[in-house]
1. Restricted to segment 372-426, and to residues that are charged (D, E, K, R) and in contact (Cβ under 8 Å) with a residue 24 or more places away in the chain, which residue is surrounded by the fewest Cβ atoms within 10 Å (Cβ to Cβ)?
2. Give me the pairs: first residue in segment 127-139 and free of Cβ contacts under 8 Å to residues at least 40 places away in the same chain, second residue of a type outside the set (S, T, N, Q) and in a helix (DSSP H, G or I), beta-carbon distance under 6 Å, and six or more apart or on different chains, which are they?
3. Output yes when any residue across segment 431-444 is touching a helix residue (DSSP H, G or I) at 6+ places or on another chain (Cβ under 8 Å), in the same structural domain as G307 (by TED's automatic domain parsing) and within 20 Å of M293 (Cβ to Cβ), and no when none is.
4. Residues G133, G128, G101: which one is in the same structural domain as F217 (by TED's automatic domain parsing), among the small types (G, A, S) and farther than 23 Å from F237 by Cα?
5. Filter segment 338-368 for residues that are aliphatic (A, V, I, L, M), in a helix (DSSP H, G or I) and either in contact (Cβ under 8 Å) with a residue 12 or more places away in the chain or crowded, with 23+ Cβ neighbours inside 10 Å (or both) and give the result.
6. List, please: which pairs have Cβ atoms under 6 Å, are six or more places apart or on different chains, and start with a residue in segment 95-107 that is within 14 Å of G133 (Cα to Cα) and end with one that is in a helix (DSSP H, G or I) and aromatic (F, W, Y)?
7. Could you list, in sequence order, the residues of segment 214-239 that are of a type in the set (V, I, T) and either closer than 24 Å to A140 by Cβ or at pLDDT below 80 (or both)?
8. Could you list, ordered by first residue, the pairs with Cβ atoms under 6 Å in which the first is in segment 291-318 and assigned by TED's automatic domain parsing to the domain that holds L448 and the second is outside any helix (DSSP H, G or I), at least 6 apart or interchain?
Amino acid sequence: MTKGYNTHNLKHTVAKGMLWGGVSNTVCQLLSLLFGIYLARILGPEDYGPIGMLAIFTAIAGSLQDSGFVAAIANRKTVTHDDYNAVFWFNIIISLLMYAGLYFCAPLIAEFFNQSILIDLSRYNFLGFVVAGFGIAPSAYLFRELKVKQKSISLILAITISGITGIILALNGYSYWGIATQSIVYVLVRSVVCWYFTPWRPSFKINFAPLKYLFAFSYRLLITNLFQRFNWNIFSFILGKYYPHDVGNYVKSAEWFNMGGEVVNGMVNAVAQPALAKVVDDSERQLRVFRKMLRFAAFVAFPLMLGLSLVSKELIVVVITDKWIESAQMLQILAIWGAFMPLQSMFTNLLVSRGKAAVFMWCTIIQGVLTLALLLALHSYGIKYMIIAYCIFNALWLFVWHHFTEKEIGLNLKMFFIDTLPYLFTSIAVMTATHHLTRFIDNNGTLLISRVVIAAMLYIGVAFVARSKELEEITNFIFKRKNRW
């Protein structure tokens, strides 16, 4: 066991980290929501389309930039100055090389989508890679040390400052140029704040030797991350080719979907992998820690995302007007799959913590290839069927992740269902009851508020009557009571 992480301290750190992560991610998503609302009222689907077409290139470059070193550092027993220094300088070099390559590939990207504006726009938008390269080493430090609060502050400041920048530029008619600038400002502010909270500083005495053993762990994660981000952005890529006029609506629906999903997913990812890595030598204890986090994720994810699906139409119409109504239909389907995403994150974090990066890699590659084949096979049927098939396939793939988790720590299907199904069934029942109780309301604004309030009261009420430990721990955290695991 790592020194300083006895049973009490680890429980306290994980609990504080997950709750801090949950609160901070909620704040971040609310801020993103507010800025996104204002921008969506100023701009239209046609303004988001060009940026959406470039999303897959941004995602793949981001994976190459990280190279899996953040997770590799988190899993090392001890980390030296040379480790961080090697990662820092490696990322600077890789960032510059990637930008140069994409700069010269810009005409090819524009030709593929038949959009000449993408030449200059992509060259400008990809500058964010260079800026982000400077922030990976300090981000790795904060992640390893479970500095969730400090990382949360960096996120909140980055969202706030970049959001204000985006609004100012949109008001002055810069449309997608303003969106691209907003993303660059975001990574710049986040990197600067991470450096402020990180005591480590780079030196010009460069030794790339640590990369050998870091890469031995991380290369599988690198390949995995490439396919993960490819999977997440494949829709906008295919739509850009076959349905270019619908890219903007999909980008907006995915944005709202991600805002809801990140409340829980970000909370899980902030602490799961480093926390599970600290108890990797004790499978029984790791199983207890894992099930604890699994129940907490299910308790929050199911009502949040199924609730988002319930109110998607009213939410879009009321908040960003009916010019985005097509994105509401997409959001309604995506949000259902989003309820299961945090559970998938739990499984993958467990596999990484136990050094099963190869399993993680191959499962993700197969999942990505099958997803691409499925979407290409269905693209002629339209966007709706593509999204439905995508969500069903990924939900079923959850059982593939479970299979390998069971092999590692003995989490059988019975345990998994006991930890998750009560929250799923409760959420379905609550959303169904809420729908019937409010179906007579005609005004979209009134309907939205009524459904949110009624669903929240019903879910909390059921959790209170059932004496949910997860509700008790959240209540203890809010009111600063002593919390025992």
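The values are calculated or read from the model by the stated rules, or taken from the named source; none is laboratory data. Only a predicted model underlies this, so the values are computations on that prediction, with no experimental measurement involved. We place every Cβ from the backbone using ideal geometry, glycine too, and count neighbours over all the protein chains shown.
1. Of all residues in segment 372-426, those charged (D, E, K, R) come to 384, 406-408, 414, 419.
Narrowing the set further to residues that are in contact (Cβ under 8 Å) with a residue 24 or more places away in the chain leaves 384, 408, 419.
Values: K384: 12, E408: 20, D419: 21.
The residue in question is K384.
2. Correct list of pairs: V130/Y99.
3. Let us first name the residues in segment 431-444 that are touching a helix residue (DSSP H, G or I) at 6+ places or on another chain (Cβ under 8 Å), namely 431, 433-435, 437-438, 441, 444.
Now restrict to residues that are in the same structural domain as G307 (by TED's automatic domain parsing): 431, 433-435, 437-438, 441, 444.
Add one more test, that the residue is within 20 Å of M293 (Cβ to Cβ), and what stays is none.
No, segment 431-444 contains no residue that is touching a helix residue (DSSP H, G or I) at 6+ places or on another chain (Cβ under 8 Å), in the same structural domain as G307 (by TED's automatic domain parsing) and within 20 Å of M293 (Cβ to Cβ).
4. Numbers: G128 fails: farther than 23 Å from F237 by Cα; G101 fails: farther than 23 Å from F237 by Cα.
The unique qualifying residue is G133.
5. Initially, segment 338-368 is screened for residues aliphatic (A, V, I, L, M), giving 339, 341, 343, 346, 350-352, 357-359, 361, 365-366.
Restricting the remaining residues to those that are in a helix (DSSP H, G or I) gives 341, 343, 346, 350-352, 357-359, 361, 365-366.
Passing the criteria: M341, L343, M346, L350, L351, V352, A357, A358, V359, M361, I365.
6. Between residues of segment 95-107 that are within 14 Å of G133 (Cα to Cα) and residues that are in a helix (DSSP H, G or I) and aromatic (F, W, Y), the close pairs are S95/F129; M98/F129; Y99/F129.
7. Of everything in segment 214-239, those that are of a type in the set (V, I, T) and either closer than 24 Å to A140 by Cβ or at pLDDT below 80 (or both) turn out to be I223, T224.
8. As it stands, the answer is A301/A339; F302/A339; M305/A339; L306/A339, since those pairs meet every condition given.
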